[in-house]
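**Student:** Sending over a structure as structure tokens; questions will come in a sec.
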Amino acid sequence: MARLFSGGRFSVSVAVWTCVFLIMFIYFFTYITEKTNGRLIHVRPNHLSVAYELEEIEEEPDFRLPSAHKRNPRAVKRKGPKKWSTVISKFLDESSEIHSMLFPDRSLTVGLKVENSSSSSSTGYFYPGQIWLDTDGNPIQAHGGGILFDARSETYYWYGENKDGATYHAQHKGTARVDIIGVSCYSSKDLWSWKNEGIVLRGEERNITHDLYKTNVVERPKVIFNAKTNQYVMWMHIDDGYYTKASVGVAISNSPTGPFTYLYSMRPHGSDSRDMTLFKDDDGIAYLIYSSRDNIDFHVGPLTEDYLGLTGVMKRILVRQHREAPAVFKHRGTYYMITSGCSGWAPNRAMAHAAASIMGPWENVGNPSVGGNRVLRLTTFFSQGTFVLPLPGLPGSFIFMADRWNPSNLRDSRYVWLPLKVGGLADEPMDYTFGFPLWSRVSIFWHKRWRLPEGWKNVN
């Protein structure tokens with residue numbers, strides 16, 4: 001026995017595999033149970049069977065680009081080597097077949113007005129990438145947005161950027177933009193049919209010094225409710241037309257449907273801030289998460305009790321990973337976040353992250369995109385995330401909300417809503433756990449057509 005455990009290779013392997021076994025045992029135990037108010041709740045079979053409907057993997061054929069034509073040598077000498085087309089460049093080219101396929105025309109629309117006039121067979125189904133109409137029959141304008149569930153009215157409110165204006169470039173080769181119209185709000189009981197509640201925070205037409213002056217930038221508005229002050233609080237990315245202000249703005253209202261009163265802007269923690277989001281935890285503490293240092297990393301910090309400012313606490317997370325578009329959610333005590341890479345209007349590969357504390361450290365847990373084809377998975381289904389909405393009746397099930405940006409005509413940008421599931425082993429090596437997958441996998445499932453299963457509202 002002394003020889004067996006005297007620093008030999010066998011003793012090390014036994015110790016390692018023992019640790020692996022214990023970790024896997026703890027993981028699978030926590031996977032099938034959840035702790036709520038000090039008692040263990042086993043996930044019920046009916047919850048699992050309903051959730052499985054959201055996890056079907058739907059494959060798509062690969063995208064095929066037109067075959068390249070041989071060029072005249074004189075043209076090569078005069079114009080230089082041809083820059084070969086990619087799927088992304090075709091996506092951004094409004095005259096291409098791929099662009100037309102990913103932005104189908106108005107003959108293919110989703111919404112109550114259209115369904116009532118034809119057939120009820122598609123009522124309640126989401127069609128990612130198709131035009132989505134409100135209850136008045138107009139395309140929904142709520143981009144880069146988020147959803148607030150108001151418990152008092154048992155209503156969902158969807159806030160987002162209204163981009164129903166002309167697209168133009170403020171500078172030569174500058175980013176595509178529209179003048180600020182304002183932040184729109186839509187209400188719904190079922191997350192499918194949405195009533196337009198109007199513009200709840202309007203842009204400023206005359207005062208050129210105002211943060212909301214039409215040539216400035218308002219992006220990614222998020223609204224949370226403060227139970228202590230009884231106010232609805234909106235935070236958003238505020239910038240100038242050159243994206244040098246890099247600040248956050250704050251507005252308040254006594255009603256979820258506004259109007260919201262704009263208060264001020266600031267650089268949080270003295271840092272530049274671009275893509276941002278809010279997260280309200282179970283204990284009522286709210287946090288601001290934003291990309292900073294020119295999108296090199298994220299910063300996170302708690303808001304003050306009234307949600308109108310920031311405390312002095314801040315942590316840098318996802319350091320030097322160059323991510324943006326954060327969408328944060330929580331499941332069984334673990335915090336998760338979906339982010340995108342930094343590639344302008346062009347879509348890219350999403351990344352899921354996990355942490356035991358919202359203040360970090362955060363670890364990468366892999367590309368969450370499942371199904372479709374390789375290009376769809378590497379482009380987050382040609383979209384960029386903006387929010388993750390929990391489904392209260394289905395533990396571990398969420399809706400991933402994303403925008404399919406159309407930089408040639410931003411008012412025609414589309415919505416990509418897909419089922420998201422937390423469960424199973426992560427597929428990325430961990431940064432702080434010696435490679436052991438302590439976090440669950442995050443999966444966003446591609447579907448051309450899907451609907452929420454019965455029971456998604458029920459909380460047992």
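**Student:** Kindly provide the set of residues from the range 166-175 that are surrounded by 12 or more Cβ atoms within 10 Å (Cβ to Cβ) and either under 23 Å from Ala251 (Cα atoms) or hydrophobic (A, V, I, L, M, F, W, C) (or both), ordered by number.
**Tutor:** Scanning the range 166-175 gives a single hit, Ala170.
**Student:** Would you kindly identify the helices (runs of 4 or more DSSP H) lying entirely within the range 59-118 that contain at least 1 residues that are of a type in the set (A, V, I, L, M) and modelled with pLDDT of 85 or more?
**Tutor:** Values: elements: 73-79, 87-92, 97-102, 112-117.
Qualifying helices (runs of 4 or more DSSP H): 87-92, 97-102.
**Student:** Please specify each residue of the range 380-392 satisfying the condition of being surrounded by fewer than 23 Cβ atoms within 10 Å (Cβ to Cβ) and either in a strand (DSSP E or B) or in contact with a helix residue (DSSP H, G or I) (Cβ under 8 Å, 6 or more places away or on another chain) (or both).
**Tutor:** Within the range 380-392, Leu389, Pro390 qualify.
**Student:** Just one of (1) over 17 Å from the mean Cα position of the chain (by Cα); (2) free of Cβ contacts under 8 Å to residues at least 24 places away in the same chain; (3) buried (at least 18 other Cβ atoms within 10 Å of the Cβ) trips up Glu363, so point out which.
**Tutor:** Among (1) over 17 Å from the mean Cα position of the chain (by Cα); (2) free of Cβ contacts under 8 Å to residues at least 24 places away in the same chain; (3) buried (at least 18 other Cβ atoms within 10 Å of the Cβ), Glu363 violates only (2).
**Student:** Tally time: how many residues in the range 130-174 are among the basic types (Lys, Arg) and in contact (Cβ under 8 Å) with a residue 12 or more places away in the chain? Show your work before the answer.
**Tutor:** Let us first name the residues in the range 130-174 that are among the basic types (Lys, Arg), namely 152, 163, 173.
Imposing the further condition that a residue be in contact (Cβ under 8 Å) with a residue 12 or more places away in the chain reduces the set to 163.
Total meeting the criteria: 1.
**Student:** In addition: Do we find that Gly203 is farther than 28 Å from Arg316 by Cα, crowded, with 19+ Cβ neighbours inside 10 Å and not aliphatic (A, V, I, L, M) in this structure? First the steps, then the outcome.
**Tutor:** Numbers: farther than 28 Å from Arg316 by Cα: yes; crowded, with 19+ Cβ neighbours inside 10 Å: yes; not aliphatic (A, V, I, L, M): yes.
Yes: the conditions hold for Gly203.
**Student:** Residues in the range 321-346 that are free of Cβ contacts under 8 Å to residues at least 24 places away in the same chain and within 14 Å of the chain's Cα centre (by Cα): how many?
**Tutor:** The total comes to 1.
**Student:** Within the group Tyr243, Tyr264, which residue is outside any strand (DSSP E or B) and within 30 Å of Val319 (Cα to Cα)? I'd like the intermediate steps shown before the answer.
**Tutor:** On the way: Tyr264 fails: outside any strand (DSSP E or B).
Every option except Tyr243 fails the conditions.
**Student:** Follow-up. Looking at Pro326, Pro347, can you tell me which residue is in the same structural domain as Gly423 (by TED's automatic domain parsing), part of a loop (DSSP other than H, G, I, E, B) and buried (at least 19 other Cβ atoms within 10 Å of the Cβ)?
**Tutor:** Working: Pro326 fails: part of a loop (DSSP other than H, G, I, E, B).
Exactly one residue qualifies, and that residue is Pro347.
**Student:** Which of the numbered conditions does Arg293 fail, given that it passes all the others? Conditions: (1) within 25 Å of Tyr335 (Cβ to Cβ); (2) touching a residue at least 24 places away in the same chain (Cβ under 8 Å); (3) of a type in the set (D, E, K, R).
**Tutor:** Every listed condition holds for Arg293 apart from (2).
The values are calculated or read from the model by the stated rules, or taken from the named source; none is laboratory data. Just so we're clear, the structure is a prediction, and the values are computed from it rather than from any experiment. Positions of Cβ are generated from backbone atoms using ideal geometry, with glycine treated the same way; all protein chains shown enter the neighbour counts.
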